[in-house]
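Visitor: One structure coming up, written as structure tokens, with questions to follow.
The values are calculated or read from the model by the stated rules, or taken from the named source; none is laboratory data. These numbers were taken from a predicted model, which means no experiment stands behind them. Cβ coordinates were reconstructed from backbone atoms using ideal geometry, including for glycine residues, and neighbour counts include every protein chain displayed.
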Amino acid sequence: MERAAPGVGGVPYADHVPPTTTAPRDAAHGVLRTVFGYDEFRGLQADVIDHVVAGGDAVVLMPTGGGKSLCYQIPALVREGTGIVVSPLIALMHDQVDALTTAGVRAGYLNSTQGYDERAAIERAYLAGELDLLYLAPERLLAPETLELLDRGSPALFAIDEAHCVSQWGHDFRPEYLRLSVLHERWPHVPRLALTATATAATHAEIRSRLALGDARDFVASFDRPNIRYRIVPKDNPRAQLLTLLREEHPGDAGIVYCLTRASVDETAAWLAAQGVDALPYHAGLDRSVRARNQARFAREDGVVMVATIAFGMGIDKPDVRFVAHLDLPKSIEGYYQETGRAGRDGLPATAWLAYGLADVVQQRRLIATSEGDDLHQRRLAQHLDAMLALCETVGCRRQRLLSYFGEESPPCGNCDTCLDPPSSYDGTVPAQKLLSTVVRLEQRGQRYGVGHVVDVLRGKTTERVRSSGHDELSTFGIGTDLSDGQWRTVVRQLVAGGLLGVEPLHSTLHLTPESAAVLRGEREVRLRDEPAGADHARRTKRTPRPAASADLLPEDAELFERLRAWRAGVAHEAGLPAYVVFHDATLRDVASRRPATLADLASIGGVGAAKLERYGAGVLGAVAGAPDPAP
Ligand code: ADP
Ligand code: ZN
């Protein structure tokens, strides 16, 4: 879509709230209220904002959805001059600038998608001091002509978003980020903020050193995302399981489904679409225009399900992603946390769901074994995978484990599958010994087999292969009839995940590991997780399926919420804006339950700032007035 410069056919400058001359904290609070329509700062926002408004540098580590944007947007509005925002993804600048201009902020961007005239208009606005925020990709910022342009105007601050892109170890590495220390050399007195949702100490240190942020103050928030319910289920028939999740818990909700390969993205998206789900594929192998179109539909419309590889997601600001589902095992907890963090930025209930099975472990081990890089690199990958597996197999609180991985202590959360439905564990030493003994006996004969055959031997099945190989004569033949095939497979999976049994990555054959011996000698107890068939379904309630955002509203209010969403879809479509830019779901929910009758009532609802009140207030009140009265 062609975009107009601010004030040129877009949002008029008159909407802008001029900088105030009161004390900085009051000024910041005033902007929070009038521009963004929120009453209170969250967490560390007020501290960061005070520090930056006063001219200090800051490194801000907050989880996705923690509210990083306001940490630089408000100082940019309070300080003289223009806040310069470095953002790695050009495709997302449009939406960020749309959201700001809709709130009445004078924002623009400069990038290669613009024509000459549009660019020139933004440059003029910047030089005239008529821009509060200017978004730039790093390569654009570093171009000599841009640096000169910035010199001729007055930068209020530099915000380096997605600052973990400086890390050469991460998969988001962007070489241009390494050169951003030039900002400090060139404008030593302009405050800088580096912001990221990547929490590891190593990345943190890299950000500080590579961006020359030696004097910056650190602001490290809790990484907890309390509204996300974490669930990890045994993989059985993954597509059917996924469809059940979508139909019964997230009908009509927007969500992301992550798959490991491009092929599985294409197949899963097509299959979901055939089942009537509004699903679209996204991966690096698709045509650029198809990718852009799918991404735009996901961002702009309600209820689109994006099936994607992990190439999708960074910088996606969509606040109402109600679920993130993984059909394949993530490589690391960092990756998993970053991906699941895209759910529920608006603070409303959201689901992180992962289906996981033995084949995933084998597949990931195979990827590591065949990956490029030296031993050290492969060992590091294996450690990451092991931590992820431990999360999958834990009988304790998932959140507690996730947070402890990032160095945070916390009590059991009450909002994950293991808290809600504590799995029982049992002493699995004897089954483990039976299994390992079978593998030993095969190894003694110089043979290795996959899980299917080993389980056949344990269960005493005289298959063709058992007979021809004489394995019905093994002393362990038939000693495992007390467990079903499925139960044996979960035993195998748990032993493999815990390193007590090895899987040869290329042929999926089982073998002993150095840790197996202690189990066989009876020196080590093995606790296993009890997995009743259909564990995933245990919590399913009988209520009528409803989108998660309105699930806990009264039925009449839920109906009004849907009406408001329909009104929003029309308004957004007409203005060419993403729906959430008009109002977030959280705002519409409050409207639905509080039913404001006047503009003043409406203004007191979170997310309704002055500009939106003026533009959309009458429309919202009309939708509320037209709704049937709630039952007394
Ligand atoms: P991040 O960039 O850290 O992922 P965002 O800046 O996108 O997070 O903010 C996440 C969501 O929280 C947004 O929908 C934003 O409007 C909302 N939000 C941020 N700060 C506040 C606040 N103080 N009060 C209410 N909502 C807020
Ligand atoms: Zn928990």
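Visitor: Kindly indicate whether GLY313 is at pLDDT below 95 and either within 16 Å of ligand 1 (Cβ to nearest atom) or crowded, with 21+ Cβ neighbours inside 10 Å (or both).
Guide: Criteria met by GLY313.
Visitor: Would you kindly identify the helices (runs of 4 or more DSSP H) lying entirely within region 186-290 that contain at least 2 residues that are under 30 Å from PRO144 (Cα atoms)?
Guide: Fully inside region 186-290 and qualifying: 201-210.
Visitor: Let me ask something additional. Give the residue, chosen from VAL265, VAL290, VAL257, VAL277, that is at pLDDT 95 or above, crowded, with 18+ Cβ neighbours inside 10 Å and over 22 Å from PRO330 (Cα atoms).
Guide: VAL277
Visitor: Let me ask something else about it. Please work out if ASN227 is loosely packed, with under 14 Cβ neighbours inside 10 Å and not hydroxyl-bearing (Ser, Thr, Tyr).
Guide: No: the conditions fail for ASN227.
Visitor: Given the criterion away from ligand 2 (no atom under 16 Å from the Cβ) and modelled with pLDDT of 95 or more, identify the matching residue among LEU195, LEU178.
Guide: LEU195
Visitor: Name, by its number, the condition in (1) farther than 30 Å from VAL220 by Cα; (2) surrounded by 17 or more Cβ atoms within 10 Å (Cβ to Cβ); (3) without any contact (Cβ under 8 Å) to a residue 12 or more places away in the chain that does not hold for ARG401.
Guide: (1)
Visitor: Next question, about the same structure. Among (1) surrounded by 15 or more Cβ atoms within 10 Å (Cβ to Cβ); (2) at pLDDT 90 or above; (3) among the basic types (Lys, Arg), where does ARG521 come up short?
Guide: In the conditions (1) surrounded by 15 or more Cβ atoms within 10 Å (Cβ to Cβ); (2) at pLDDT 90 or above; (3) among the basic types (Lys, Arg), ARG521 misses (1) alone.
Visitor: Let me ask another. Are any residues in region 384-436 under 30 Å from ALA369 (Cβ atoms) and either out of contact with any helix residue (DSSP H, G or I) (no Cβ under 9 Å at 6 or more places or on another chain) or within 16 Å of ligand 1 (Cβ to nearest atom) (or both), and if so, which ones?
Guide: Across region 384-436, the qualifying residues are SER404, PHE406.
Matching residues to (1) among the acidic types (Asp, Glu); (2) away from ligand 2 (no atom under 16 Å from the Cβ); (3) more than 22 Å from LEU348 (Cβ to Cβ); (4) assigned to a loop (DSSP other than H, G, I, E, B):
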| position | (1), (2), (3), (4) |
| --- | --- |
| ARG565 | no, yes, no, no |
| HIS573 | no, yes, yes, no |
| TYR580 | no, yes, no, no |
| THR587 | no, yes, no, no |
| ALA597 | no, yes, yes, yes |
| LEU602 | no, yes, no, no |
| LYS612 | no, yes, no, no |
| TYR616 | no, yes, no, no |
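Visitor: Select, from ARG231, ARG174, ARG210, the only residue that is under 28 Å from VAL324 (Cα atoms) and touching a Ser or Thr at 6+ places or on another chain (Cβ under 9 Å). Full working, then the answer.
Guide: On the way: ARG174 fails: touching a Ser or Thr at 6+ places or on another chain (Cβ under 9 Å); ARG210 fails: under 28 Å from VAL324 (Cα atoms).
On inspection, the qualifying residue turns out to be ARG231.
Visitor: Which of the numbered conditions does LEU329 fail, given that it passes all the others? Conditions: (1) among the hydrophobic types (A, V, I, L, M, F, W, C); (2) more than 15 Å from ligand 1 (Cβ to nearest atom); (3) under 21 Å from LEU70 (Cβ atoms).
Guide: (3)
Visitor: With LEU32, LEU110, LEU61 as the choices, which residue is within 13 Å of ligand 1 (Cβ to nearest atom) and over 22 Å from ASP218 (Cβ atoms)? Break it down stepwise before answering.
Guide: Details: LEU110 fails: within 13 Å of ligand 1 (Cβ to nearest atom); LEU61 fails: over 22 Å from ASP218 (Cβ atoms).
The unique qualifying residue is LEU32.
Visitor: From the list GLY502, GLY498, GLY534, GLY486, which residue is modelled with pLDDT of 90 or more and small (Gly, Ala, Ser)?
Guide: The conditions single out GLY502.
Visitor: Here's another thing I want to ask about it. Restricting the search to region 551-571, which residues are among the charged types (D, E, K, R) and within 26 Å of the chain's Cα centre (by Cα)?
Guide: ASP552, GLU562, ARG565, ARG568
Visitor: Can you tell me which of THR509, THR513 is closer than 22 Å to LYS235 by Cα and polar (S, T, N, Q)?
Guide: Going through THR509, THR513 in turn, just one is closer than 22 Å to LYS235 by Cα and polar (S, T, N, Q): THR509.
Visitor: Quick one: in region 70-114, of everything that is of a type in the set (Val, Ile, Thr) and out of contact with any strand residue (DSSP E or B) (no Cβ under 7 Å at 6 or more places or on another chain), which residue is farthest from ALA603 (Cα to Cα)?
Guide: Going through the qualifying residues, I end up with THR113.
Visitor: Can you name every residue in region 434-483 that is small (Gly, Ala, Ser) and free of Cβ contacts under 8 Å to residues at least 12 places away in the same chain?
Guide: Scanning region 434-483 gives GLY446, GLY452, SER468, GLY470.
Visitor: So which residues in region 332-359 are closer than 25 Å to ASP590 by Cα and away from ligand 1 (no atom under 16 Å from the Cβ)?
Guide: THR351
Visitor: When region 411-445 is examined, which residues are found to be surrounded by 13 or more Cβ atoms within 10 Å (Cβ to Cβ) and near ligand 2 (Cβ under 9 Å from one of its atoms)?
Guide: Answer for region 411-445, where residues must be surrounded by 13 or more Cβ atoms within 10 Å (Cβ to Cβ) and near ligand 2 (Cβ under 9 Å from one of its atoms): PRO412, CYS413, ASN415, CYS416, ASP417, THR418, CYS419, LEU420.
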